[in-house]
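The values are calculated or read from the model by the stated rules, or taken from the named source; none is laboratory data. If you're wondering where the values come from, they're calculated on a predicted model, not measured in any experiment. Here the Cβ is made from the backbone with ideal geometry for all residues, glycine too, and neighbour counts use every protein chain on show. Surface areas here come from the heavy atoms of the whole protein model, side chains and all, with no ligands, DNA or RNA. Shrake-Rupley method; radii C 1.70, N 1.55, O 1.52, S 1.80 Å.
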Amino acid sequence: MGCATTAVKIISIALNVILALLALGSIGWIAFNSDTGTDETIIASYVASVLIVLLAFTGIYAAIRESVCLTATVAVLLLVLAILQILTTCLFLHPMKVESAQKQIDVAWQTHNMDGIQQIYECCGKSSAQDYVHLNQVIPPSCYADLQQTANAMFIKGCVNEMQNHYDNGKFAIIVASWVLAAFELGCFAVAVFLGISFRNKQRRMQF
């Protein structure tokens, strides 16, 4: 029993470390890709990730201290968080509508603010560089990699598709991250339950 408990204790610590790292990675990814979701989604993702980090470190502390009460508390909170995350992913993230690239590009095109977009997304025009040609306009330097106006450096793809792909990929990444975190939360919950029982049995044996 002692060897099994020690092994599960190590597994619990390892899983919680991985869970904390995944949550911290999610926070970093959200910070650099905050334009891929609504403000509500971004804020909820931040809050969930911070809670996961706190629970993960609490789980590590509980395992090291072999605290029955703290381990049980972490287990319950992890289960609640996992259930909420699964429900949120199914009910809100999957059907979530991403930003419309078409609307943003139309506004940028009409206000002549395409340069920044074309450099960020490595695209040219709304659908292609032909958008400029059709209007008898010179293709701007921002349509070229490193602003080098050579045929080989020109961006071929249109900005509407490139920006929309960015938004769609961002939504997919958020959903995948949510499912992965939920899976690790359930794993940490199961291990915490086993540890809590083992710690309680150990305390009972030490009383006799």
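Odds and ends about this structure:
- Modelled FRET efficiency - R0 41 Å, I156 with R204, Cβ distances, 0.05 increments: 0.05
- Oblate is the label for segment 120-171, because a/c, from the alpha-carbon gyration tensor with a ≥ b ≥ c as root eigenvalues, is 1.5 or above and a/b does not exceed b/c.
- Count of Lys pairs (Cα-Cα under 20 Å; at least 8 positions apart or interchain) in the chain: 6
- Using R0 = 45 Å, the C-beta based FRET efficiency linking L24 and Q148 works out to 0.75.
- Amide hydrogen proximity for Y144: with H placed 1.01 Å from N in the peptide plane, the residues at 5 or more positions away or on another chain lying under 5 Å are F155.
- Mean residue ellipticity at 222 nm, helices only, the chain: -24500 deg cm²/dmol; runs of at least 4 DSSP H residues each add -39,500 (n - 2.57), and the sum is divided by the number of residues.
- Whole-Hz ³J(HN,Hα) from phi, Karplus 6.51 cos²θ - 1.76 cosθ + 1.60, for segment 86-92, glycine and proline x: 5, 5, 5, 5, 6, 8, 10
- Fraction of accessible area attributable to carbon and sulfur, the chain (%, probe 1.4 Å): 67 percent
- Take the Cα of Q130, step 7 Å toward its Cβ, do the same at L91, and the gap between the two points is 4.7 nm.
- Mean Cβ count within 10 Å, highest first, over the residues of peptides 122-135, 99-112, 11-24: 11-24, 122-135, 99-112
- Each residue of segment 114-130 was assigned a 3J(HN,Hα) from its phi angle through the Karplus expression (A = 6.51, B = -1.76, C = 1.60, θ = phi - 60°), giving 8, 4, x, 4, 5, 6, 5, 9, 6, 9, 8, x, 6, 10, 4, 5, 5 Hz with x at Gly and Pro.
- The chain, accessible area per residue, ligands and nucleic acids excluded (1.4 Å, Å²): 57 Å²
- Computed from backbone phi with θ = phi - 60° and the Karplus coefficients 6.51, -1.76 and 1.60, the 3J(HN,Hα) list for segment 27-34 is 4, x, 5, 4, 4, 8, 10, 5 Hz; x is used for glycine and proline.
- Sorted on the mean count of surrounding Cβ atoms within 10 Å across their residues, most packed first, peptides 148-156, 40-48 read 40-48, 148-156.
- Taking segment 67-208 and dividing mean pair separation by its residue count, relative contact order in percent (alpha carbons under 8 Å, at least six apart): 39 percent
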